[in-house]
Structures are given as structure tokens and as C-alpha cells.
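Visitor: Take a look at the following structure, please.
The values are calculated or read from the model by the stated rules, or taken from the named source; none is laboratory data. Note that the coordinates shown come from a computational prediction; the quantities given were computed from them, not determined experimentally. Here the Cβ positions follow ideal geometry from the backbone for every residue, glycine too, while neighbour counts run over all protein chains shown. Note: areas computed on protein heavy atoms with side chains; ligands, DNA, RNA excluded. Shrake-Rupley method; radii C 1.70, N 1.55, O 1.52, S 1.80 Å.
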Amino acid sequence: MTRIDDTPTAWDERSQLTTFLDYTRDTARTKCDGVSEENARRALLPGSPLMTLSGLINHLRWVEYYWFQVVFLGEEDQGPWTDEDPDREMRIAVDFPLAQLLDEYAEQSACYRELVAANDLDDKAKRPVRNGLHVDLRWILLHLAEETARHNGHLDILREMLDGTTGD
């Protein structure tokens, strides 16, 4: 997959926010280009046994689901996590082909692009966050760009450890 440029086509706030989120999403997918299925499932950090390329991609997919569908839209949480296994999305990722996880993430991102386009940045989430506040769509976009960028750093490290591949 060819990564998009991080420079927006317009300089309004929405264009800048959505461009950066798309850029970080595309970067995450690009970090997985050409990786073997075996390497996608390998956990290299003894203190983080769930941190695999597959686990991180599945985590990113489900994090977006949570913030857009559960928090923003107020839908019932149907995520894979449980109280007993709060990181289950990372654990079960190794049971699926990486290509499937990447395709699901890309398809879901396209749906969320439409959701963002159909709502105002000032629209408040239906559900409150931990501190009881109802964040707006702008905050969710910023949060997702930050979270995805942070996990891109993890993907960078894992990929270099797996097969020496480095990149932007």
C-alpha cells in the first residue's frame, strides 16, 4: 500500500485532522508490507507477550470501533474484550491472517471517514469518557491520530526486530 502524504489538500481544521489520521492509519498498514504470517504473529518483547504486528493492527481497528461506535454514536459495546481479558483483541489477532486484519482495518477506516464527513467536529459523543465529560468529534480524531502514531512506533520497533526492515 502506498502511504498518503501528510499534507492536507486544504488547510481547514477538518482536512488537517482527517489527513493526519489517514496518514497514521496508512503508515500502520505500510509497516506490515511484505511481512510473513509467522513474523506477524511473533511476540518479541518478553514483558509484552501480546505485542505482535497482528495484535497491534487488530488493536487499532478495535480502538477506532470503540471511539466512533461506542463512545461517539453510543452503540452497545460489541468489542472482543471482556472484563477478564481486556486485551483480548490483541490476543485473538494471531488466529487470523494478517491480510484479513489489514483489510478489515482499511474497510472500517473507510466507513469512519464517511461518519466523520457526516458530522460536525463540535458534535458531542453520546457516551461520556472516564471523567464524565462528553468529548467532541474533534477530540476523538485527535486522540485516534495520537494513539495510532504511538502504535506506529511499536510497529517500527517490532518490524526492525523481526526482519531488519526500517522506514519512515
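Visitor: Of all residues being closer than 30 Å to Ala117 by Cα and either touching a helix residue (DSSP H, G or I) at 6+ places or on another chain (Cβ under 9 Å) or among the aliphatic types (A, V, I, L, M) (or both) in segment 31-53, which is most open to solvent (accessible area, probe 1.4 Å)? Just the residue, please. Break it down stepwise before answering.
Guide: Residues of segment 31-53 closer than 30 Å to Ala117 by Cα: 31-33, 53.
Still in the list and also either touching a helix residue (DSSP H, G or I) at 6+ places or on another chain (Cβ under 9 Å) or among the aliphatic types (A, V, I, L, M) (or both): 31-32, 53.
Values: Lys31: 22, Cys32: 6, Leu53: 1 Å².
So the residue we want is Lys31.
Visitor: Something else about it: How about segment 120-137: which of its residues are open to solvent by less than 40 Å² (accessible area, probe 1.4 Å) and either in contact with a helix residue (DSSP H, G or I) (Cβ under 7 Å, 6 or more places away or on another chain) or part of a loop (DSSP other than H, G, I, E, B) (or both)?
Guide: Residues of segment 120-137 that are open to solvent by less than 40 Å² (accessible area, probe 1.4 Å), as a first pass: 121, 125, 129, 135-137.
Once the filter is applied, which keeps residues that are open to solvent by less than 40 Å² (accessible area, probe 1.4 Å) and either in contact with a helix residue (DSSP H, G or I) (Cβ under 7 Å, 6 or more places away or on another chain) or part of a loop (DSSP other than H, G, I, E, B) (or both), segment 120-137 yields Leu121, Ala125, Val129, Val135, Leu137.
Visitor: Would you check which residues across segment 16-50 are more than 19 Å from the chain's Cα centre (by Cα) and among the hydroxyl-bearing types (Ser, Thr, Tyr) and list them?
Guide: Listed by number, the list holds a single entry, Ser36.
Visitor: When residues of segment 65-88 are filtered for being outside any loop (DSSP other than H, G, I, E, B) and either in contact (Cβ under 8 Å) with a residue 24 or more places away in the chain or closer than 15 Å to Trp139 by Cα (or both), how many remain? Steps first, please.
Guide: Going through segment 65-88, the residues outside any loop (DSSP other than H, G, I, E, B) turn out to be 65-72, 88.
Add one more test, that the residue is either in contact (Cβ under 8 Å) with a residue 24 or more places away in the chain or closer than 15 Å to Trp139 by Cα (or both), and what stays is 65-72.
Number of matching residues: 8.
Visitor: Sort out which residues of segment 54-80 are closer than 19 Å to Pro128 by Cβ, touching a helix residue (DSSP H, G or I) at 6+ places or on another chain (Cβ under 8 Å) and aromatic (Phe, Trp, Tyr), and write them in order of number.
Guide: Correct list: Tyr65, Trp67, Phe68, Phe72.
Visitor: Any residue that is over 13 Å from the mean Cα position of the chain (by Cα) and open to solvent by less than 80 Å² (accessible area, probe 1.4 Å) - is there at least one of those in segment 142-158?
Guide: Keep residues of segment 142-158 that are over 13 Å from the mean Cα position of the chain (by Cα), which gives 156-158.
So of that shortlist, the ones also open to solvent by less than 80 Å² (accessible area, probe 1.4 Å) come out as 156, 158.
Yes, segment 142-158 contains at least one residue that is over 13 Å from the mean Cα position of the chain (by Cα) and open to solvent by less than 80 Å² (accessible area, probe 1.4 Å).
Visitor: Give the residue that is nearest to Asp103 (Cα to Cα), with candidates limited to residues of segment 1-30 that are open to solvent by 50 Å² or more (accessible area, probe 1.4 Å) and of a type in the set (A, V, I, L, M). Reasoning before the result, please.
Guide: So the first thing to find is which residues in segment 1-30 are open to solvent by 50 Å² or more (accessible area, probe 1.4 Å), and the list is 1-7, 9, 11-14, 16, 20, 23.
From the residues that got through so far, the ones that are of a type in the set (A, V, I, L, M) too are 1, 4.
Numbers: Met1: 11, Ile4: 17 Å.
Residue satisfying both the conditions and the ranking: Met1.
Visitor: Check segment 92-105 and report whether any residue there is under 18 Å from Val70 (Cβ atoms) and either within 14 Å of the chain's Cα centre (by Cα) or hydroxyl-bearing (Ser, Thr, Tyr) (or both).
Guide: Taking segment 92-105 and keeping what is under 18 Å from Val70 (Cβ atoms), we get 104-105.
Now restrict to residues that are either within 14 Å of the chain's Cα centre (by Cα) or hydroxyl-bearing (Ser, Thr, Tyr) (or both): 104-105.
Looking for residues that are under 18 Å from Val70 (Cβ atoms) and either within 14 Å of the chain's Cα centre (by Cα) or hydroxyl-bearing (Ser, Thr, Tyr) (or both), one finds at least one in segment 92-105, hence yes.
Visitor: Let me ask you something else. Among (1) more than 13 Å from Tyr105 (Cβ to Cβ); (2) out of contact with any Asp or Glu (no Cβ under 9 Å at 6 or more places or on another chain), where does Ser36 come up short?
Guide: Only one criterion in (1) more than 13 Å from Tyr105 (Cβ to Cβ); (2) out of contact with any Asp or Glu (no Cβ under 9 Å at 6 or more places or on another chain) is unmet by Ser36, namely (2).
Visitor: Here's another thing I want to ask about it. Tell me yes or no: at least one residue of segment 54-64 is open to solvent by 30 Å² or more (accessible area, probe 1.4 Å), more than 23 Å from Leu142 (Cα to Cα) and of a type in the set (Lys, Arg).
Guide: No, segment 54-64 has no match at all.
Visitor: Moving to a separate point now. Given (1) touching a Leu at 6+ places or on another chain (Cβ under 9 Å); (2) part of a helix (DSSP H, G or I), identify the lone condition not met by Arg42.
Guide: (2)
Visitor: Residues Ala117, Ala99: which one is of a type in the set (Gly, Ala, Ser), within 30 Å of Arg42 (Cα to Cα) and surrounded by fewer than 12 Cβ atoms within 10 Å (Cβ to Cβ)? Let's see the steps before the verdict.
Guide: Details: Ala117 fails: within 30 Å of Arg42 (Cα to Cα).
Testing whether each residue is of a type in the set (Gly, Ala, Ser), within 30 Å of Arg42 (Cα to Cα) and surrounded by fewer than 12 Cβ atoms within 10 Å (Cβ to Cβ) leaves just Ala99.
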